[in-house]
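Before any comments, here is the structure.
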Amino acid sequence: MGTALQAVALTKWFGEGDARTLAVNRVSFEASFGEILYIVGPSGSGKTTLLSMISGILRPNEGQVLVEGRDLWNQSDDAIAEFRLGKVGFVFQDYHLFPRLTTAENVAIPLILKQVPWDEALTRAQAFLEVVGLADKGLLPPLKLSGGEQQRVAIARAIASEPDILIFDEPTASLDGDTGRKIVSFVKEHILNAQRCIVIVTHDSRIFEYADRIMNMEDGRLTGIANGGLHEI
Amino acid sequence: MSRVAVPGILKIAFKLLVNDRGKFAALLVGILFAVFLMIMMTSMFAGILKRSSATVLNVGARVWIMDPAVNNVASSIPMPDYVLDAARSIPGVKYAVPLYSSVALVKLHGGTYQAATVIGLDDASLYGRPELLQGNIQDIYGENAFLVVKDAEFSKLGNPGLGSEFEINDHRGKIVGIAHVATSGLFGIPTLYTTYSRAVSYIPSMRFTAAFILVEPKSAADIPRIQQAVARLGYQALTEAQFVQKVSDFYIYQTGLGTNVLLMTIISFAVGLSISAQTFYTFILENLEKFGALKAIGAKGRELILMILFQATFTALTAYGLGVGLATLLMTVARLRLPDYAAEITYLNLALAFVMVLIIAAISSLIGIRKVIRIEPFDIFRG
Ligand SMILES: Nc1ncnc2c1ncn2[C@@H]1O[C@H](COP(=O)(O)OP(=O)(O)OP(=O)(O)O)[C@@H](O)[C@H]1O
Ligand SMILES: [Mg+2]
């Protein structure tokens with residue numbers, strides 16, 4: 001298994017002086033291709049902040065994110081935007097689908113940003129909708145779909161640019177337990193592959209069984225890494 | 001590295017805008033309203049200005065000599081006869097003729113009185129004569145002969161025909177011709193034409209009688225010299241365009257007309273701007289998270305700016321087209337019902353409204369862009 005990305009002593013604080021909160025404190029870890037890595041921990045422990053730094057969304061105050069041997073945050077803003085577009089797929093907690101576009105158009109957005117011509121982007125988007133089992137929903141607006149279906153549209157959009165790294169923040173937070181489990185097991189079976197690394201932030205212990213490794217955070221620090229499955233952590 | 005995904009993102013921008021039907025309609029209506037008001041206002045103004053110079057345009061002389069204090073055609077100041085003689089002897093003058101212009105009371109058959117503009121044409125040349133719809137121009141030399149202009153005020157003389165008779169200052173008058181003119185007057189009274197000498201003898205006059213002296217120069221190059229020579233006499237020689245300008249300036253600056261129209265135009269602009277800027281702002285706000293998500297996914301700042309500029313410009317231009325169309329339609333209908341409807345759309349009106357619409361689009365998109373540029377994808381990510 002190759003290394004997908006490496007975080008080195010990542011540190012992020014917000015505010016200055018007395019108001020300063022250390023959200024992430026010297027966190028180092030590696031994520032590998034072919035694995036599902038969980039980040040768990042209490043609310044406010046810095047999980048989202050950490051996720052944002054490794055995915056090119058939030059600039060760290062200190063430390064590095066190494067991808068393909070290069071320091072991500074040492075590059076230009078345009079290069080970082082390219083990284084987000086080409087290498088990373090995001091599944092946001094509230095999906096952030098465009099209600100005024102069709103489901104297929106939503107999925108096509110990363111392709112359109114990559115300058116794939118409109119018709120081809122839509123054809124490819126339709127194929128990704130098939131991957132997530134929504135082949136017949138392409139022309140509907142996303143709000144006509146159920147929560148779990150919208151989640152799958154968000155996944156289809158995240159994988160449309162065929163990213164190396166997939167990032168999920170609380171993917172099951174707004175789904176009922178059953179649907180949540182189904183989604184993650186589906187991701188493990190159909191979305192994960194040997195060239196891809198998936199990082200999931202979650203509170204939801206019902207989906208721990210799908211993790212390969214589970215990182216535990218507390219107060220901005222990494223307090224332990226355990227193997228996944230049904231182990232206690 | 002400088003990838004900008006045109007035209008795909010524009011298509012997305014278009015769909016985001018147009019698929020939000022309610023908001024898009026509100027945006028269109030706001031701008032359309034402003035464009036419509038502005039065009040109606042300035043067209044009415046343009047029409048009135050054109051009419052205020054109706055006599056100047058209808059007579060069609062190339063150079064007009066007048067008292068410098070004259071600022072509109074209705075209130076002329078007669079000039080002594082030596083001015084005419086002096087004008088004729090200025091080098092470069094091909095010929096110069098007097099024009100009589102005054103208002104007289106006409107007594108109609110039923111005994112009612114009606115004011116009318118009387119224009120007296122030089123007896124020898126009839127320079128400035130109107131185009132006749134009926135009758136023969138030579139009949140103007142006949143006894144008591146007058147031409148009547150068939151415009152919207154025509155009916156105020158009881159729709160006279162050839163041979164109709166009336167009284168003018170205790171003289172008999174007889175219609176020998178019915179004329180057509182290009183531009184109707186502003187003052188709402190009918191217009192009669194006769195010869196200069198008959199006008200002078202029928203209508204009580206001051207010592208001097210020539211309201212204007214019409215000059216045909218030998219060539220356009222002679223005009224400045226003629227103007228200088230006339231100025232030395234203490235009078236003013238203006239080309240047709242300059243005279244029209246002078247009359248317009250009078251109505252714009254000396255009467256409240258210009259200020260009022262300007263005010264109304266500014267108000268319609270302000271109303272349109274605030275409605276559309278506000279609606280556009282809410283539109284951006286409602287889509288702000290989505291723009292943030294686009295940024296997170298990897299859209300660059302300038303791609304988002306392009307989307308917003310496109311949305312604002314597209315809305316503005318569509319509304320402009322609709323506004324111009326609506327104004328044109330309304331004026332066409334109005335003209336069918338009121339043959340003498342004054343409003344007139346000029347290129348200047350259209351250009352003004354266009355500039356206004358561009359400003360509305362620019363300000364609206366600026367507000368949106370400031371907002372979108374400031375979104376942090378991290379905040380979207382945190383939810
Ligand atoms: N933009 C910000 N400004 C100030 N403080 C912030 C900001 N973002 C995060 N923080 C602080 O950083 C710390 C970590 O926040 P973060 O969102 O990463 O926690 P989390 O582990 O994802 O929590 P949760 O499980 O509730 O989502 C918190 O104390 C939070 O208040
Ligand atoms: Mg979080």
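Read-outs: derived from the displayed coordinates by stated rules, not from any lab. No experiment lies behind these values; they were computed from the predicted model shown. Quick reminder, even Gly has a Cβ in these numbers, built from the backbone with ideal geometry, and neighbours come from all protein chains shown.
Details
- Protection-proxy order for peptides B:351-360, A:106-115, each taking the mean of Cβ atoms within 10 Å per residue, highest first: A:106-115, B:351-360
- Computed from point charges on the beta carbon alone (+1 for Lys and Arg, -1 for Asp and Glu), the dipole magnitude for the stretch B:168-269 about its Cα centre is near 320 Debye.
- Cross-linked pairs A:Lys188/B:Lys300; B:Lys174/B:Lys246; B:Lys50/B:Lys156: Cα-Cα separations exceed 26 Å for A:Lys188/B:Lys300; B:Lys174/B:Lys246.
- Across q = 0.13, 0.18 Å⁻¹, chain A modelled as identical point scatterers on its alpha-carbon atoms has Debye log10 I(q)/I(0) values of -0.77, -1.38, in the order of the q list.
- For B:Lys218, a cut-off of 23 angstrom between C-alpha atoms picks up these lysines, skipping any fewer than 8 places away in its own chain: B:Lys94.
- Legend: calculated FRET efficiency, A:Ala9 to A:Lys188, from the Cβ-Cβ distance at R0 = 30 Å, rounded to 0.05, equals 0.50.
- For peptides B:143-152, B:85-94, sequence by mean Cβ density within 10 Å, most packed first: B:143-152, B:85-94
- Peptide A:54-61 is shielded by partner chain Cβ atoms: per residue, an average of 3 of them sit within 10 Å of its Cβ.
- Chain B - Rg over Rh from alpha carbon coordinates, Kirkwood radius: 1.19
- Peptide B:17-28 is shielded by partner chain Cβ atoms: per residue, an average of 1 of them sit within 10 Å of its Cβ.
- Cβ crowding within 10 Å, taken as a proxy for footprinting-reagent exposure, orders B:Val18, A:Val67 from fewest neighbours to most as B:Val18, A:Val67.
- Of all the options B:Leu57, B:Leu294, B:Leu322, the one that moves most in a Gaussian network model of chain B with Cα springs shorter than 10 angstrom is B:Leu294.
- Working from label points 7 Å from Cα in the Cα-to-Cβ sense, the B:Leu57 to B:Thr346 distance is 0.9 nm.
- nm² value of the averaged projected area, convex hull over the Cα atoms of the stretch B:60-211: 9.0 nm²
- When you count the other C-beta atoms within 10 angstrom of each residue and take the mean per peptide, B:249-258, B:98-107 line up highest first as B:98-107, B:249-258.
- Once C-alpha pairs closer than 8 Å and six or more residues apart are averaged by separation and normalised to the residue number of the stretch A:3-227, the relative contact order reads 30 percent.
- Helical contribution to [θ] at 222 nm, DSSP H n ≥ 4, -39,500 (n - 2.57), averaged over the protein assembly as shown, rounded to 500: -14000 deg cm²/dmol
- For the stretch B:221-226, 3J(HN,Hα) per residue [Karplus equation, 6.51 cos²θ - 1.76 cosθ + 1.60, θ = phi - 60°, Hz, x = Gly/Pro]: 5, 7, 4, x, 5, 4
- Scalar couplings 3J(HN,Hα) for the stretch A:100-114, obtained by applying the Karplus form with A = 6.51, B = -1.76, C = 1.60 to θ = phi - 60°, are 8, 10, 6, 4, 5, 5, 4, 5, 6, 3, x, 5, 5, 5, 8 Hz; x denotes Gly and Pro.
- On the beta carbon distance between A:Thr123 and B:Leu330, with R0 = 45 Å, the FRET formula returns roughly 0.40.
- The stretch A:28-153, relative contact order [Cα under 8 Å, separation at least 6], %: 18 percent
- Derived scalar couplings ³J(HN,Hα) [the stretch B:81-86; Karplus, 6.51 cos²θ - 1.76 cosθ + 1.60; whole Hz; x for Gly, Pro]: 5, 5, 5, 5, 4, 4
- Average beta-carbon neighbours from other chains, 10 Å sphere, peptide A:81-89: 4
- Helix B:21-52 vs. chain B, principal-axis angle (Cα, 0 to 90°, nearest 10): 20 degrees
- Amide N proximity, the stretch B:171-186 versus B:Ser75 label position 7 Å along Cα-to-Cβ, cut-off under 18 Å: B:186
- With each label modelled as a point 7 angstrom along the Cα→C-beta vector, the B:Phe354-B:Val18 pair spans 2.3 nm.
- With R₀ fixed at 30 Å, the C-beta to C-beta distance from B:Arg370 to A:Ser28 puts the FRET efficiency at about 0.20.
- Angle of helix B:301-337 to the longest C-alpha principal axis of chain B, folded into 0 to 90 degrees and rounded to 10: 30°.
- Placing unit charges on the Cβ atoms of the charged side chains and taking the dipole of the stretch B:80-234 about its Cα centre, the candidate lying farthest along the positive direction among B:Ile175, B:Tyr127, B:Leu162 is B:Tyr127.
- Normalised contact order of chain B, rounded percent, pairs of Cα under 8 Å and 6 or more residues apart: 29 percent
- Summarising the overall dimensions of the protein assembly as shown from its C-alpha atoms, the Rg and Dmax are 40.2, 124 angstrom.
- Structure remark: mean-square fluctuation, Gaussian network model of chain B, C-alpha springs under 10 Å; the largest value among B:Pro217, B:Pro190, B:Pro80 belongs to B:Pro80.
- Dipole magnitude (debye, nearest 20) for the protein assembly as shown, charges at Cβ of Lys, Arg, Asp, Glu: 820 debye
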